[in-house]
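Heads up, the thing below is written out as structure tokens.
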Amino acid sequence: MTQRLALTALLVRDYDEALAFYVGKAGFEFVEDTDMGAGKRWVVVRPPGSDAGLLLARAVGDQTARVGDQACGRVFLFLETDDFDRDHARMAAAGVRFLEEPRREPYGTVAVFEDLYGTRWDLIQPVRAASAAGR
């Protein structure tokens, strides 16, 4: 049996503003935007080179209070890279807000950033990726 995590639903206020952030600033690839009727859309983005992606899910009703806080203030998602310096510089130049300076940890190089709603992410280059890249 083979399984894999394909999509993670991420609550957003607005599909288009979320697309602008994730594709325009974070550098994700646009995968799909299908109209489901009644104002609902199936909107998928993913990091370059990844099979797994995010389903950008527009919050409705009580869900709106959780936009940007699905993990109660903790880092919620981890964006793994094979070149931390490249991606950190590109994202910062595009206007992504990093909450700290990059730091080296036993498990890799990491910095926390927020999406446009305050959802916290780690940008991380694991030690194994750094070793493979000759760093």
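The values are calculated or read from the model by the stated rules, or taken from the named source; none is laboratory data. Predicted model only: the values in this text are computed from it and were never measured. No Cβ is skipped: glycine too gets one built from the backbone with ideal geometry, and neighbour counts run over all protein chains shown. Remember, those area values only see protein heavy atoms, side chains included, never the ligands or the DNA or RNA. Shrake-Rupley method; radii C 1.70, N 1.55, O 1.52, S 1.80 Å.
List of remarks:
- Count of segment 26-59 residues which are open to solvent by 70 Å² or more (accessible area, probe 1.4 Å) and in contact with a Ser or Thr (Cβ under 6 Å, 6 or more places away or on another chain): 1
Residues checked against (1) within 26 Å of Val31 (Cα to Cα); (2) open to solvent by 80 Å² or more (accessible area, probe 1.4 Å):
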site: Gly61; (1), (2): no, no
site: Gln70; (1), (2): yes, no
site: Glu80; (1), (2): yes, yes
site: Ala92; (1), (2): yes, no
site: Glu105; (1), (2): no, no
site: Val110; (1), (2): no, no
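- When each of Tyr117, Tyr107 is tested for being within 30 Å of Ala59 (Cα to Cα), hydroxyl-bearing (Ser, Thr, Tyr) and at pLDDT 95 or above, the lone residue that passes is Tyr117.
- Filter result (more than 25 Å from Asp82 (Cβ to Cβ) and either of a type in the set (Ser, Thr, Tyr) or modelled with pLDDT under 95 (or both)) within segment 1-20: Met1, Tyr15
- Cβ-Cβ contacts under 7 Å between residues 6 or more apart (or on different chains), taken from a first residue in segment 46-72 that is closer than 17 Å to Asp16 by Cβ to a second residue that is open to solvent by 30 Å² or more (accessible area, probe 1.4 Å) and of a type in the set (Asp, Glu), are listed as Arg58/Asp14.
- Restricting attention to segment 21-41, the residues that are without any contact (Cβ under 8 Å) to a residue 40 or more places away in the chain and within 27 Å of Thr81 (Cβ to Cβ) add up to 7.
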